[in-house]
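Have a look at the structure below before the remarks.
The values are calculated or read from the model by the stated rules, or taken from the named source; none is laboratory data. Small disclaimer: the values here were computed from a predicted structure and weren't measured. Positions of Cβ are generated from backbone atoms using ideal geometry, with glycine treated the same way; all protein chains shown enter the neighbour counts.
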Amino acid sequence: MNAFEYSGKYVKISTLDDYWIIGKILEVEANEIEHTQDVKISLLHAHKQSLFNQEFISLTLDRIVEIEELDPLFLQDLKLTINYVPNLQDIYDSIYREKLPNKIHFGKIE
């Protein structure tokens, strides 16, 4: 697998630990000592987000099982979902804080 061809692209990366990461590959460097490549990723989203709670992550190519380039439309939808997810708990709580009408009146609308 050659990570250089994905440089600058948004990808989904699957690791040996059965984790996946979605992000942009910022930089790929050849590591001559270990005969592998070091991949620096700008993190957009991750499986088990708490394990990857930093903005950038570096992986060696030998820990990566698969790199899949993301479709631009999927990426756009993912960004919208991440940035504009409603807080359902706040919405649910607001129903009980507000006084909702409990009577219905019928009549002419003028």
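For Gln76, which of the numbered conditions (1) under 30 Å from Asp18 (Cβ atoms); (2) assigned to a loop (DSSP other than H, G, I, E, B); (3) not aromatic (Phe, Trp, Tyr) fails to hold?
Failed condition: (2).
Taking the range 3-18, which residues are out of contact with any helix residue (DSSP H, G or I) (no Cβ under 7 Å at 6 or more places or on another chain), closer than 18 Å to Leu70 by Cβ and either of a type outside the set (Lys, Arg) or in a strand (DSSP E or B) (or both)?
If we filter the range 3-18 for residues that are out of contact with any helix residue (DSSP H, G or I) (no Cβ under 7 Å at 6 or more places or on another chain), which is where we start, we get 4-9, 11-14, 17-18.
Right, trim to closer than 18 Å to Leu70 by Cβ and you get 4-9, 11-14.
Hits for the range 3-18 are Phe4, Glu5, Tyr6, Ser7, Gly8, Val11, Lys12, Ile13, Ser14.
Is there any pair linking a residue in the range 23-41 that is free of Cβ contacts under 8 Å to residues at least 12 places away in the same chain and of a type in the set (A, V, I, L, M) to one that is buried (at least 18 other Cβ atoms within 10 Å of the Cβ) and not in a loop (DSSP other than H, G, I, E, B), with Cβ under 9 Å and at least six apart or on different chains, and which?
If the second residue must be buried (at least 18 other Cβ atoms within 10 Å of the Cβ) and not in a loop (DSSP other than H, G, I, E, B), the pairs left are Ala30/Gln37.
Taking the range 23-34 as the search range and keeping residues that are farther than 14 Å from Leu44 by Cα and not polar (S, T, N, Q), which one is surrounded by the fewest Cβ atoms within 10 Å (Cβ to Cβ)?
Ile33
Could you tell me which residue of the range 44-69 is modelled with the lowest pLDDT, considering only residues that are part of a strand (DSSP E or B) and either acidic (Asp, Glu) or over 20 Å from Glu5 (Cβ atoms) (or both)?
Going residue by residue through the range 44-69, those that are part of a strand (DSSP E or B) are 44-46, 56-60, 64-69.
Pick out the ones that are also either acidic (Asp, Glu) or over 20 Å from Glu5 (Cβ atoms) (or both) and you get 45-46, 56, 66, 68-69.
Values: His45: 76, Ala46: 80, Phe56: 86, Glu66: 92, Glu68: 92, Glu69: 93.
Filtering the range 44-69 for residues that are part of a strand (DSSP E or B) and either acidic (Asp, Glu) or over 20 Å from Glu5 (Cβ atoms) (or both), the one modelled with the lowest pLDDT comes out as His45.
When you check Tyr84 against the structure, is it closer than 28 Å to Tyr6 by Cα and either among the hydroxyl-bearing types (Ser, Thr, Tyr) or touching a Pro at 6+ places or on another chain (Cβ under 6 Å) (or both), yes or no?
yes
Within the range 8-22, track down each residue that is within 19 Å of Pro72 (Cα to Cα), free of Cβ contacts under 8 Å to residues at least 40 places away in the same chain and exposed (fewer than 15 other Cβ atoms within 10 Å of the Cβ).
If the condition is that a residue be within 19 Å of Pro72 (Cα to Cα), free of Cβ contacts under 8 Å to residues at least 40 places away in the same chain and exposed (fewer than 15 other Cβ atoms within 10 Å of the Cβ), then Gly8 is the only one that fits.
For the range 79-110, which positions are hydrophobic (A, V, I, L, M, F, W, C) and assigned to a loop (DSSP other than H, G, I, E, B)?
Our first condition is that a residue be hydrophobic (A, V, I, L, M, F, W, C); within the range 79-110, this holds for 80, 82, 85, 88, 91, 95, 100, 104, 106, 109.
Answer for the range 79-110, where residues must be hydrophobic (A, V, I, L, M, F, W, C) and assigned to a loop (DSSP other than H, G, I, E, B): Val85, Leu100, Ile104, Phe106, Ile109.
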